Amino acid sequence: MKILNVRKPSEDVLARIHSLSEKKGTIAVIEPETGDYFLGNSLTEALKKAKMKYPGKIFYSVRIGYTFVHGHKGGIRKYESCCERQD
């Protein structure tokens, strides 16, 4: 699988997007060359809007007001089988 190099948008564009405090939690998909961005409640929704205007482009995504787009909750738990033999 080829991993593509995604160009990061300018700090001005990122600052402008993160200043939209009333949109906190919304996903912004950014076309790095133009600085155009598209908002959505999910990454899929925002990407659909972006791909309609810029088909074939690679986008950069952020969650407004956060340092990540997706989070992971959980951890490692010990699994005890119900079928373990008790001596």
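Taken together, the values in this text are just the output of simple stated rules run on the coordinates, not laboratory data. Keep in mind it's a predicted model, so treat the numbers as computed, not measured. Note that we place each Cβ from the backbone using ideal geometry, even for glycine, and neighbour counts take in every protein chain shown.
Key figures
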{"quantity": "Burial ranking of peptide ranges 1-7, 34-40 (average Cβ count within 10 Å, highest at the top)", "calculated": "34-40, 1-7"}
{"quantity": "Additional length obtainable on full extension of the chain from residue 49 to residue 33, 0.36 nm per residue less Cα span", "calculated": "4.1 nm"}
{"quantity": "Contour minus Cα-Cα distance for residue 41 and residue 68 (0.36 nm per residue)", "calculated": "8.3 nm"}
{"quantity": "Environment charge of residue 67, counting only residues whose C-beta is closer than 15 Å and scoring Lys/Arg +1, Asp/Glu -1", "calculated": "+2"}
{"quantity": "Net charge of Cβ neighbours under 13 Å - reference residue 6; Lys, Arg +1; Asp, Glu -1", "calculated": "+2"}
{"quantity": "Segment residue 22-residue 5, extension gain: residue separation times 0.36 nm, minus the distance between their alpha carbons", "calculated": "3.0 nm"}
